[in-house]
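Worksheet: the structure to be examined is printed underneath.
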Amino acid sequence: SLVLAVVRQDGNSLQYASNELRGDREVVLAAVRNEKLALKFALGGLNQDSELLKASGLWDEEEERQYPRKEQAILSVKFSLAEQSTPYASEFALAMKKHPFLTNFKTYNPN
C-alpha cells in the first residue's frame with residue numbers, strides 16, 4: 001500500500017494515516033523500524049504491544065539476557081507513548097540503552 005511505502009521512508013508520517021492504518025500491526029511495525037518514536041502514533045493498544053516495544057528499542061529484545069551487573073537501572077521517568085505527549089521520556093530510555101555504562105544493567109520500568 002502507499003501508506004506502508006511512506007512510513008518505511010518516514011516513520012513519523014504514521015501520524016497522518018487513517019485510524020484504521022494506525023491500528024494495523026504491519027504498518028506500525030514498518031513505521032517503528034524507520035523511526036522508533038513513531039510508536040506513539042499507533043492506535044488500538046499497539047503502542048503497548050511487546051513486539052512493537054521491542055522493535056522500537058524501548059524494551060529489551062532478549063528477555064533472558066545476562067547482564068554484567070546484578071543491579072537494575074530504574075527508569076523513574078514515567079513513559080508516555082500517548083500521541084499528545086512529548087518524546088523526552090522515550091528518548092531518554094533509548095539513550096540509556098546506548099550509554100556504555102548503563103548497558104551493563106537491566107533496565108526496570110515500574111510504570
*Just grab the label-to-label distance for residue 72 and residue 94, each label 7 Å out from Cα along the Cβ direction, in nm (one decimal).*
2.4
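Kindly rank 84-95, 5-16 from highest to lowest mean number of other beta carbons found within 10 Å of each residue.
Numbers: 84-95: 13.2, 5-16: 16.7.
Highest to lowest by the protection proxy: 5-16, 84-95.
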*Rounded to the nearest 0.05, what FRET efficiency do residue 103 and residue 33 give with R0 = 30 Å and r taken as the Cβ-Cβ distance? Could you check?*
0.90
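Which value, in Å², gives the accessible area per residue of the range 1-74 when a 1.4 Å probe is used on the protein heavy atoms? Don't jump to the answer; show the numbers that get you there.
On the way: 4540 Å² over 74 residues.
About 61 Å² of surface per residue is accessible.
Once neighbouring chains are kept in place and the probe is 1.4 Å, which whole percent of the accessible area of the chain is contributed by carbon and sulfur?
Details: 3510 of 6950 Å².
Carbon plus sulfur share of accessible area: 51 percent.
Could you work out the local net charge near residue 90, counting Lys and Arg as +1, Asp and Glu as -1, over the other residues with Cβ closer than 9 Å to its Cβ? If you can, show how the numbers build up before the last one.
Numbers: positive: 36, 40; negative: 91.
Here the charged neighbours net out to +1.
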*How big, in percent, is the set of alpha carbon pairs in the chain lying more than 18 Å apart?*
49
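The values are calculated or read from the model by the stated rules, or taken from the named source; none is laboratory data. All figures in this text were calculated on a predicted structure; none of them were measured in a lab. With ideal geometry, Cβ positions are generated from the backbone for all residues, glycine too; neighbour counts draw on all protein chains shown. Surface areas here come from the heavy atoms of the whole protein model, side chains and all, with no ligands, DNA or RNA. Shrake-Rupley method; radii C 1.70, N 1.55, O 1.52, S 1.80 Å.
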